[in-house]
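Chemist: I'd like to ask you about the structure that follows.
Any read-out appearing in this document is the output of simple, stated calculations on the displayed coordinates, not a laboratory observation. Here the structure is a predicted model, which means the values were calculated and not measured. Every residue, glycine among them, receives a Cβ derived from its backbone with ideal geometry; neighbour counts consider all protein chains shown.
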């Protein structure tokens, strides 16, 4: 366990503004307030824009490298005309061919505008969604920003492509900037940590084993058709391919029957019968497709050197996908047969659960409905700001994530909280003792580390568990559930639009940024209200004082 240190509550974010001003939020629409808060963050933390621009440059260099490799290949494979000296772009011998800088080209999307749309994406959704498309087209606030900065409104495709270049590290930095802003303006001291986990649905369905087998085989066939379009191999005259297409159609028919017999008389026997028909065909299909793939690999190997690097990479990806699909169909058929015919229990981690998002898992939390997706870990501060968000792979147990979420909170806030409250799923006594000892080493006494439920009671002992401080901490824990509810109801946090664990992490963190923006606005409004009430009270006292003196006289 790495040692943590308690630092200045005013978080040490590189390049942070020395005295960030409170954004004015009065007499404006909710969206205008939201964009205004984003503008203030951009002004206070220009390093965030620099990081976004660096991400854009990195993406641009990657695309340029592909174009440069194609250009060099064409020049190397083209003979010079006799009597002509043609200037080549081939680099001198011994130098690298990697693209290291971007030349002048089409204007890049401004990092500031991209920063604005990053938060809008977390608030409303993808730029090409109906709601976001309408907002972008009709928003007076965005129109004024374009006019103010002299920027031509970017297209939806440009916005979407540029948003996808922003890295997870940049998103983490943006979260730290928000927390820095809150600390410097004394909106939160981050002395409280409320952690909880939730389940979010993957952008995928959880199909039956027969549907998965069918889907993998169909995608393998699509891969072969793409190789034919490229011109690598001609399969139209190969009997093995045309017969395989027909066999896959039979598999699809049997799979449909399996789905239709559910709930009908004799469903179990009919389901078993059709599954066995699928199993007998998987072997034949796997053998034929493997043979065709071997032939495609041989042709590719013989012609590889004459191909453009970009085309070469594309063919390698298609061949790799076909290979994976054939293997996955065979794997599912093998363990499905053991389950159907021999009543074998297959461990969840050995199963292939999805064709479009293999990183998604079955999320089981207590007696709730099983969700096919992800299990984010989220930490909230005392004022309700998200201070950390982690998305581990699989159905990770909360107790195993306790150390990770505490370290992530410290990384983002630079504060060791004196109050930590979690539910009994996080019961992990070694981590709890480590944290308390660490806090005491940093001069923090009377640490309250509450774990609710029977596991918490067993770990803490009845005297501590029923003390007033721990009773209050258990009541306070429900605020984390409230924050998660707000995330899901206002930011569609419970349903993912992107696929793959990395894309899902970025989507979740983008929504957390939008949530924090709204929470910052609420905290600022609450302070302004308190200050206005205090001024009114002081004014009333000042006005009443002469009257009291006159009465006394």
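Chemist: Counting other beta carbons within 10 Å of each residue's own, what order do 257, 387 fall into, fewest first? Before the final figure, lay out each step's value.
Modeler: Working: 257 16, 387 31.
The most exposed by this proxy come first: 257, 387.
Chemist: For a quick check: sort 423, 398, 446, 476 by the number of other beta carbons within 10 angstrom, fewest at the front.
Modeler: Numbers: 423 23, 398 20, 446 9, 476 16.
Listing 423, 398, 446, 476 from fewest to most nearby Cβ atoms yields 446, 476, 398, 423.
Chemist: To the nearest 10 degrees, how steep is helix 309-342 against the longest Cα principal axis of the chain, on a 0 to 90 scale?
Modeler: 90 degrees
Chemist: For region 500-548, how big is the tail of P(r) above 19 Å, as a whole percent of Cα pairs?
Modeler: Values: 668 of 1176 pairs.
Percentage above 19 Å: 57.
Chemist: May I ask you to sort 426, 485, 149, 173 by Cβ crowding, counting other Cβ atoms within 10 Å and putting the fewest first? Don't jump to the answer; show the numbers that get you there.
Modeler: Values: 426 27, 485 13, 149 10, 173 19.
Sorted ascending by nearby Cβ count, the order is 149, 485, 173, 426.
Chemist: In what sequence, highest mean first, do 341-353, 276-288 appear when ranked by Cβ atoms within 10 angstrom?
Modeler: On the way: 341-353: 11.1, 276-288: 17.3.
Highest mean packing first, the order is 276-288, 341-353.
Chemist: Still on this structure, I have one more. Using label points projected 7 Å from each Cα along Cα→Cβ, tell me how many nm separate residue 347 and residue 240, to one decimal.
Modeler: With each label placed 7 Å out from Cα toward Cβ, I get 3.6 nm.
Chemist: Same structure, new question: Calculate the spin-label point distance for residue 369 paired with residue 294, positioning each point 7 Å from the Cα along the beta-carbon direction, and give it in nanometres.
Modeler: Here the answer is 4.8 nm between the modelled labels.
Chemist: For the chain, evaluate the Debye formula with one uniform point scatterer on each Cα (no solvent term) and list log10 I(q)/I(0) at q = 0.11 Å⁻¹, rounded to two decimals.
Modeler: For the chain at q = 0.11 Å⁻¹, log10 I(q)/I(0) is -1.17.
Chemist: Once every Cα of region 343-404 carries one equal point scatterer and solvent is ignored, give the base-10 log of I(q)/I(0) from the Debye formula at q = 0.13, 0.20, 0.23 Å⁻¹, two decimals.
Modeler: Calculated log10 I(q)/I(0) at the listed q: -0.46, -0.90, -1.07.
Chemist: May I pose another question? Taking the Cβ-Cβ separation of residue 164 and residue 463 as r and a Förster radius of 56 Å, what is the calculated FRET efficiency to the nearest 0.05?
Modeler: Working: r = 54 Å, r/R0 = 0.96.
E between residue 164 and residue 463, to the nearest 0.05, is 0.55.
Chemist: Now for a different question. Calculate the tail of P(r) for region 209-350: the fraction of all Cα-Cα distances greater than 17 Å, expressed in %. Numbers along the way, then the final one.
Modeler: Numbers: 6218 of 10011 pairs.
Result: 62 percent of Cα pairs exceed 17 Å.
Chemist: Given an 8 Å cut-off on Cα distances and at least 6 residues of separation, report the relative contact order of region 209-350 as a percent. Intermediate results must be reported in sequence, preceding the final value.
Modeler: Values: 112 pairs, mean separation 56.8, N = 142.
For region 209-350, the relative contact order is 40 percent.
Chemist: Return, ordered by residue number, the residues of region 486-501 whose backbone nitrogen is under 18 Å from a label point located 7 Å along Cα→Cβ of residue 201.
Modeler: 486-500
Chemist: Quick one, can you get me the convex hull of the C-alpha atoms of region 331-378 expressed as volume per residue in Å³?
Modeler: Details: hull volume 5.0 nm³, N = 48.
In region 331-378, the Cα convex hull volume per residue is 103 Å³.
Chemist: Between helix 209-230 and the chain, what is the angle of the helix's C-alpha long axis to the longest principal axis, kept within 0 to 90° and rounded to the nearest 10?
Modeler: Taking the Cα atoms of the chain, the angle to 209-230 is about 70 degrees.
Chemist: Please give the FRET efficiency for residue 441 paired with residue 310, using the beta carbon to beta carbon distance and R0 = 60 Å, rounded to the nearest 0.05. Don't skip to the answer; put the middle values down first.
Modeler: Values: r = 56 Å, r/R0 = 0.93.
That pair, residue 441 with residue 310, gives E of 0.60.
Chemist: Please compute the length gained on full extension between residue 531 and residue 137, using 0.36 nm multiplied by the number of residues separating them and subtracting their Cα-Cα distance. If you can, show how the numbers build up before the last one.
Modeler: Working: separation 394, 0.36 × 394 = 141.84 nm, distance 3.76 nm.
Roughly 138.1 nm would be gained on extension.
Chemist: Just to compare against my own numbers: the Cα pair-distance distribution for region 372-472, 5 Å bins, whole % per bin, please.
Modeler: 2, 12, 22, 24, 21, 12, 4, 1, 0
Chemist: May I pose another question? Where Rh denotes the Kirkwood radius from the mean inverse Cα pair distance, what is Rg over Rh for region 281-347? Present the calculation step by step, with values, prior to reporting the outcome.
Modeler: Details: Rg = 16.4 Å, Rh = 13.9 Å.
Rounded to two decimals, Rg/Rh equals 1.18.
Chemist: If I fit a long axis through the Cα atoms of helix 398-413 and take the longest principal axis of the Cα atoms of the chain, what angle between them do I get, 0 to 90°, rounded to 10?
Modeler: Helix 398-413 sits at roughly 60 degrees to that axis.
Chemist: Still on this structure: Once you have the Kirkwood Rh of region 130-254 from its Cα pairs, apply Stokes-Einstein at 25 °C and 0.890 mPa s and quote D in µm²/s.
Modeler: So the translational diffusion coefficient is about 115 µm²/s.
Chemist: So if I restrict to the alpha-carbon atoms in region 407-535, what is the Rg, and what is Dmax, the biggest pairwise distance, in Å?
Modeler: Rg then Dmax for region 407-535, in Å: 18.0, 53.
Chemist: Using a simple spin-label model with points 7 Å from Cα along the Cα→Cβ vector, what separation in nm is obtained for residue 490 and residue 172?
Modeler: 2.6 nm
Chemist: To continue, here is another question. Using r as the Cβ-Cβ distance of residue 539 and residue 28, and R0 as 30 Å, what FRET efficiency do you calculate, to the nearest 0.05?
Modeler: On the way: r = 26 Å, r/R0 = 0.86.
Computed FRET efficiency for residue 539 and residue 28 comes out at 0.70.
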